[in-house]
1. May I ask you to say which residue of T187, T181 is in a helix (DSSP H, G or I), open to solvent by 40 Å² or more (accessible area, probe 1.4 Å) and either in contact with a strand residue (DSSP E or B) (Cβ under 8 Å, 6 or more places away or on another chain) or more than 11 Å from ligand 1 (Cβ to nearest atom) (or both)?
2. Within the bounds of region 49-63, is there any residue that is at pLDDT 95 or above, within 15 Å of the chain's Cα centre (by Cα) and surrounded by 23 or more Cβ atoms within 10 Å (Cβ to Cβ)?
3. Where residues in region 119-145 are touching a Gly at 6+ places or on another chain (Cβ under 6 Å) and either farther than 29 Å from A14 by Cα or open to solvent by 30 Å² or more (accessible area, probe 1.4 Å) (or both), which of them is nearest to ligand 2 (Cβ to nearest atom)?
4. Is it fair to say Q116 is open to solvent by 70 Å² or more (accessible area, probe 1.4 Å) and either within 16 Å of ligand 3 (Cβ to nearest atom) or at positive phi (or both)?
5. In region 105-139, which residues are within 18 Å of G213 (Cα to Cα) and touching a Ser or Thr at 6+ places or on another chain (Cβ under 9 Å)?
6. Quick one: in region 69-95, of everything that is part of a loop (DSSP other than H, G, I, E, B) and β-branched (V, I, T), which residue is farthest from V182 (Cα to Cα)?
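The values are calculated or read from the model by the stated rules, or taken from the named source; none is laboratory data. These figures come from a predicted structure and were not determined experimentally. Note that each Cβ is placed from the backbone with ideal geometry, even for glycine, and that neighbours are counted across all protein chains shown. Surface accessibility is based on the protein's heavy atoms, side chains included, excluding ligands, DNA and RNA. Shrake-Rupley method; radii C 1.70, N 1.55, O 1.52, S 1.80 Å.
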Amino acid sequence: MTGAAMNDTLTKAAVLILLGPPGAGKGTQARMLEETFGLVQLSTGDLLRAAVAAGTEAGLAAKSVMEAGGLVSDEIVLAILKDRMAEPDTTRGVILDGFPRTPGQAEALDALLAEQGLAISAAISMEVDDAAMVARVSGRYTCAQCGEGYHDSFKQPAVAGCCDKCGGTAFKRRADDNAETVGARLTAYHASTAPLIAYYETRGVLRTVDGMGAIDAIAAELGAIVEQVTA
Ligand code: ADP
Ligand code: ADP
Ligand code: ZN
């Protein structure tokens, strides 16, 4: 579905949650859904990295936790998420990428959405093998200019060294995308985030996709879910 014309069939604001461990493909798929449906990707990881880069108080508090592969406090994450949700570009709908990550965040999200008269359209669990995650995360890099994601083995630019999306030639890797930190991040995922799968199942909004497939096949599956839950 990459590059397809924007799908204008959505009739109500979509609130999609992408759930999955580091490297599941949440960011990759969120960007594709943005393009296809005009939704806005809200990645708490990206927002936190921006806060770290800007040297804000929240960024200073989050930096060492992120470097160690732990979870930043609910208080900090909720504050940056609320600020971002208040921006006007989110009215058509949002894809929450990497949020919520704890039961406390999930409950706070329910309250925030209720205040705004919104509801979760779907919480989509991207199921992947832990063993594959280290390879996914260790080979990840992004375009420094537009943020498009790539992988050393699984997703290379069509022209080596040149971003498919913007033609940029500078790329970057995250400091926490190394084999040692991935272990801590997976532990945090299983301890704090995986329980949200049952939380959303109870609420009747859980959908599951096989995250081990090809990027385009997963995108097609997610696109079908989005059309279904927002029709
Ligand atoms: P997340 O946001 O869940 O941490 P990303 O979307 O950043 O994950 O994907 C992690 C890495 O794996 C990236 O380098 C991306 O290019 C690659 N990737 C994403 N989806 C797939 C897939 N289905 N198969 C193989 N590699 C993938
Ligand atoms: P990935 O999907 O590869 O795990 P993210 O970019 O989503 O990476 O997150 C990077 C780091 O930012 C996490 O390891 C964690 O320290 C912090 N982080 C991101 N989102 C949250 C969140 N919702 N709650 C707590 N910490 C978060
Ligand atoms: Zn680019």
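1. Numbers: T181 fails: open to solvent by 40 Å² or more (accessible area, probe 1.4 Å).
After ruling out the rest, the residue left standing is T187.
2. no
3. Of the residues in region 119-145, the ones touching a Gly at 6+ places or on another chain (Cβ under 6 Å) are 126-128, 133, 136-137, 142-143, 145.
Now drop any that are not either farther than 29 Å from A14 by Cα or open to solvent by 30 Å² or more (accessible area, probe 1.4 Å) (or both), which leaves 127, 136, 142, 145.
Details: E127: 15, R136: 9, T142: 11, Q145: 18 Å.
Among them, the one singled out is R136.
4. Values: open to solvent by 70 Å² or more (accessible area, probe 1.4 Å): yes; either within 16 Å of ligand 3 (Cβ to nearest atom) or at positive phi (or both): no.
Considered against the rule, which asks whether it is open to solvent by 70 Å² or more (accessible area, probe 1.4 Å) and either within 16 Å of ligand 3 (Cβ to nearest atom) or at positive phi (or both), Q116 comes out as no.
5. Taking region 105-139 first, the residues within 18 Å of G213 (Cα to Cα) are 124-137, 139.
Passing the criteria: I124, S125, M126, E127, A135, V137, G139.
6. Kept after step one, since they are part of a loop (DSSP other than H, G, I, E, B), are these residues of region 69-95: 69-73, 86-87, 91-92.
Checking the rest, the ones that are also β-branched (V, I, T) come to 72, 91.
Values: V72: 15, T91: 34 Å.
Per the criteria, the residue is T91.
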